[in-house]
Amino acid sequence: MNGNHALDGAAIFIFGATGDLAKRKLYPAIYSLYKEGKLSENFTVIGLARRPRTNEEFRENVHDSIKEFARHDLQGNGAWEKFAQHFHYLSLDITDPSHFTKLRMLTEQLENKFELTGNRLFYLALAPDLFGQVAHHLKDGEMLNVKGWKRLVIEKPFGYDLPSAEKLNEEIRDVFEEHEIFRIDHYLGKEMVQNIEVIRFANAFFEPLWNNKYIANIQITLSETVGVEDRGAYYDQAGALNDMVQNHVLQMVAMMAMELPSRLVPEDIRDEKVKVLRSIRKYKTLDEVKKHVVRGQYGEGSLNGKDLSAYRNENNVDPSSTTETFFTAKLFVDNLRWAGVPFYVRTGKRMPAKATEIVVEFKNLPDNVYFTQKTALQPNLIVFRVNPVEGIFIKINGKSPGSEMKIVPVAMDFCQSSQVGINTPEAYERLLYDALRGESTYFTRWDEVSTAWEFIDTIAHAWKEEGDGVVPYKSGSWGPDEASALLAEDGFKWWPLHGQEDDGLDCK
């Protein structure tokens, strides 16, 4: 299953072929896999959307997409034409079952042309409420009667609460088995997120320290500089809690807190992640939520000299909206390893920097253990930098050069971006490759999704009881003051992200 050899032939179906996700992520990912020899010549891509397109028009769209977004340059000397012949388009009304009969006929023709053995990957880049309908139409249209494997790739959001997610899952499971369903969380495709388990479990000097005896707290930040842009209608219904915390944030918590699996195989790894999610303490009452959770909404402000409008003035947003664009919380994983260690998580829009970072802060030595000095010892840190800089940053204490005994923070770093170059595989490329070879480790299993929703729903229900409890913050700031107070009351602070101060990491 592993390795970078060319995959067995497959037909790839992209529902929503004219959409933004296909344009920005999927077509460039397929081209990269082809360019690097991970796709053999025995494949076909069938683009499906309602609007009419000829094959030539579709291929031109794919060409423009690759030219703008792919990390590999387009090749000349007939290479593009050879690649493009694998792409075909069919105008499809997904609400009309008869259209799936036409799809089956086209598929059989292309499978014969490219000598395929019946492997089919269905990628639904669609609204989630269409997943079940498409799945049943695929079955009724005899698209799933295959000699090879069949797999369904679906995007978030997977429901908007636990009951809706359960209903959606039942609809899909009527057609596909759990092992055939690949639920994408693109954060799990990022290089440094996948590196977390290797760094934790493959290094003897990390694992003995990875517990509540030595770690003071863990901070997880997913910040964005943009506002809601053209997603106002969706975002005003979802908010940061559903859009970011239910999936990306909780997956990062699970990666940091999980136990070493008995075997490095997908199901064992995902079993350990589920155990973490089940161990996260649920805040069930309004008072508990108010004590441990802060929700904010960006107001007017500025960033890099540009004036920014308030969330309630964005297009397709309710002028009296109480939807949160910022979320921070103090979480506890109630098991033996992590008892008492706070996990501080935050995510927000219109913040000063776009970044995804995880900071592990170790407990400090007593000040009287070492040499007396005017300034207190700084805590040791391990920082996983996921975006935009990829790398690991370690801060320790050392002696300052000179005759005076002075202890100062010393930075050490592994800068992945510098070592392997910026032309590393993009998350969707890595995940699409995994889906084609049946590697499910970095996709979310149903019990991960449902357990995450159980936690999220307790917060959402408390907020509903509270009404308007959202706290305003200035665009271009790090969120409301209450977010810093959440740490300060425990004697901690948010550590600066890369680029906020000179931290010794020269990663370009």
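The values are calculated or read from the model by the stated rules, or taken from the named source; none is laboratory data. The model shown is predicted, which means the values in this text are computed figures rather than measured ones. Every residue, glycine as well, gets a Cβ built from its backbone with ideal geometry; the counts of neighbours run over all protein chains shown.
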> Of all residues in the range 125-154, how many are under 23 Å from the mean Cα position of the chain (by Cα) and closer than 19 Å to Ala10 by Cβ?
Replying inline: 5
>> Between Leu26, Leu21, which is in a helix (DSSP H, G or I), aliphatic (A, V, I, L, M), within 22 Å of Gly189 (Cβ to Cβ) and touching a helix residue (DSSP H, G or I) at 6+ places or on another chain (Cβ under 7 Å)?
In response: Leu26
>> I'd like to check something: does the range 58-78 contain any residue that is part of a helix (DSSP H, G or I), among the aromatic types (Phe, Trp, Tyr) and at pLDDT below 95?
In response: yes
>> Just checking, does the range 234-251 include any residue being assigned to a loop (DSSP other than H, G, I, E, B) and either over 13 Å from the mean Cα position of the chain (by Cα) or of a type outside the set (Val, Ile, Thr) (or both)?
In response: no
> Is it true that some residue in the range 273-287 is in contact with a His (Cβ under 7 Å, 6 or more places away or on another chain), of a type in the set (Ser, Thr, Tyr), buried (at least 19 other Cβ atoms within 10 Å of the Cβ) and closer than 29 Å to Leu381 by Cα?
Replying inline: yes
>> Quick check on this structure: which one of Ala483, Ala452 is over 30 Å from Asn313 (Cα atoms), in contact (Cβ under 8 Å) with a residue 60 or more places away in the chain, surrounded by 17 or more Cβ atoms within 10 Å (Cβ to Cβ) and within 26 Å of the chain's Cα centre (by Cα)?
In response: Ala452
> Can you spot a residue in the range 423-437 that is modelled with pLDDT of 90 or more and among the hydroxyl-bearing types (Ser, Thr, Tyr)?
Replying inline: yes
> So Asp174 clears everything in (1) over 27 Å from Arg445 (Cα atoms); (2) modelled with pLDDT of 95 or more; (3) acidic (Asp, Glu) except one condition, right? Which one?
Replying inline: (1)
>> Residues that are of a type in the set (Asp, Glu) and more than 23 Å from Phe443 (Cα to Cα): does the range 251-260 have at least one?
In response: no
> Is there a residue in the range 81-101 that is in a helix (DSSP H, G or I), of a type in the set (Val, Ile, Thr), in contact with a helix residue (DSSP H, G or I) (Cβ under 8 Å, 6 or more places away or on another chain) and over 11 Å from Thr44 (Cα atoms)?
Replying inline: no
> Tell me, which residue of the range 35-55 that is modelled with pLDDT of 95 or more and under 18 Å from Ala79 (Cβ atoms) is surrounded by the most Cβ atoms within 10 Å (Cβ to Cβ)?
Replying inline: Val45
>> Restricting to the range 159-194, name every residue that is surrounded by 16 or more Cβ atoms within 10 Å (Cβ to Cβ) and outside any helix (DSSP H, G or I).
In response: Gly159, Tyr160, Val175, Phe176, Ile181, Phe182, Arg183, Ile184, Asp185, Lys190
